[in-house]
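Participant: This structure is in structure tokens; I'll ask about it shortly.
The values are calculated or read from the model by the stated rules, or taken from the named source; none is laboratory data. Every value quoted in this text rests on a predicted model; they were computed, and no experiment measured them. Every residue, glycine as well, gets a Cβ built from its backbone with ideal geometry; the counts of neighbours run over all protein chains shown.
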């Protein structure tokens, strides 16, 4: 006898998510770093606040299939505005972390839009920003200028979307699509593009809507996109919701999604083994029998009729 499909999906989401020990380790490192910055800020700087961002703050981080790949943790450090250039600010904070090595980590690097701190089990991206006219702008070493971003507003948007669904977690839906893109399609498109695409294509909540149905409908809606230019930033409809690097590969990504959308349709029609074809070996083993009665598809007993 097999589990209900809802239980299998919940178990799978749990398997691809961080466990409590990993989460606590990340929280501990985040707290120690931000406490140090608040209590002993770089000379000449006043810290307004620090905030966890990225997939950890959005509750959509994945448990890496590749154990050698370090999970990324994003932290935003908001400072008071000053007259220094982006290059000077980046240099000041990089030197600050270099001097604090014994309290932080020995591997520290300046990156395009952040300072990377690398531990044995995670990497932390420290983003330096200011609030200007109610907008967050971060220092970009790549562009040598301030870069406007909605990264903190997007966290609030994710929380808002999660409250819309009653039968499942929106965070789980996002994890499933991220897993498909990351582990099955080998990071076909960038995380930002993917998240905005899911925001655009996720179905509205309806009575009885299950996680696997929402996943299937999201894939189908993605196949209906005319181009990547349909995707807008979830917090600003006047701003594009995709990474420029994805413009070339987006059509091939949608071609791949069409294949998995078809498999999801076949799974919903009764061939549950198709879920394993979509998600791979980490997904719970599914019954070979075809579901003949859709009303019994998600019941706790054996989900097919003989």
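Participant: Could you say whether any residue in the stretch 72-84 is surrounded by fewer than 19 Cβ atoms within 10 Å (Cβ to Cβ) and modelled with pLDDT under 80?
Facilitator: Yes.
Participant: Is it the case, given these coordinates, that residue 49 is modelled with pLDDT of 90 or more, over 15 Å from the mean Cα position of the chain (by Cα), part of a strand (DSSP E or B) and surrounded by fewer than 19 Cβ atoms within 10 Å (Cβ to Cβ)?
Facilitator: yes
Residues checked against (1) at pLDDT below 95; (2) surrounded by 14 or more Cβ atoms within 10 Å (Cβ to Cβ); (3) closer than 17 Å to residue 217 by Cα:
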residue	(1), (2), (3)
252	no, no, no
257	no, yes, yes
270	yes, yes, yes
277	no, yes, no
286	yes, yes, no
295	yes, no, no
303	yes, yes, no
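Participant: Now for a separate question. Output the number of residues of the stretch 197-213 satisfying the condition of being closer than 25 Å to residue 151 by Cβ and part of a helix (DSSP H, G or I).
Facilitator: Result for the stretch 197-213: 5.
Participant: Looking at 182, 262 in this structure, which one is touching a residue at least 60 places away in the same chain (Cβ under 8 Å) and under 25 Å from residue 286 (Cβ atoms)?
Facilitator: The match here is 182.
Participant: A further question on this structure: Given (1) more than 17 Å from residue 60 (Cα to Cα); (2) touching a strand residue (DSSP E or B) at 6+ places or on another chain (Cβ under 7 Å); (3) part of a helix (DSSP H, G or I), identify the lone condition not met by residue 239.
Facilitator: (3)
Participant: Give the residue that is nearest to residue 280 (Cα to Cα), with candidates limited to residues of the stretch 19-28 that are in contact (Cβ under 8 Å) with a residue 40 or more places away in the chain and surrounded by fewer than 19 Cβ atoms within 10 Å (Cβ to Cβ).
Facilitator: Ranking the qualifying residues of the stretch 19-28, first place goes to 19.
Participant: Being assigned to a strand (DSSP E or B) and without any contact (Cβ under 8 Å) to a residue 60 or more places away in the chain narrows it down to one of 219, 194, 173, 147, so name that one.
Facilitator: Residue meeting the stated conditions: 147.
Participant: Given the condition within 22 Å of residue 41 (Cα to Cα) and without any contact (Cβ under 8 Å) to a residue 12 or more places away in the chain, answer yes or no: does some residue in the stretch 116-133 qualify?
Facilitator: yes
Participant: Continuing with the same structure: Hey, among 140, 191, which residue is over 28 Å from residue 257 (Cβ atoms) and touching a helix residue (DSSP H, G or I) at 6+ places or on another chain (Cβ under 8 Å)?
Facilitator: Exactly one of 140, 191 is over 28 Å from residue 257 (Cβ atoms) and touching a helix residue (DSSP H, G or I) at 6+ places or on another chain (Cβ under 8 Å), namely 140.
Participant: For the stretch 222-236: of the residues being part of a strand (DSSP E or B) and modelled with pLDDT of 95 or more, which is surrounded by the most Cβ atoms within 10 Å (Cβ to Cβ)?
Facilitator: Only one residue fits best here, namely 233.
Participant: Would you mind telling me which numbered condition in (1) under 24 Å from residue 282 (Cβ atoms); (2) in a helix (DSSP H, G or I); (3) over 15 Å from the mean Cα position of the chain (by Cα); (4) in contact (Cβ under 8 Å) with a residue 24 or more places away in the chain residue 168 fails?
Facilitator: Answer for residue 168: the failing condition is (2).
Participant: Kindly establish whether residue 2 is assigned to a loop (DSSP other than H, G, I, E, B), modelled with pLDDT of 90 or more and crowded, with 16+ Cβ neighbours inside 10 Å.
Facilitator: For residue 2, the condition - assigned to a loop (DSSP other than H, G, I, E, B), modelled with pLDDT of 90 or more and crowded, with 16+ Cβ neighbours inside 10 Å - is not met.
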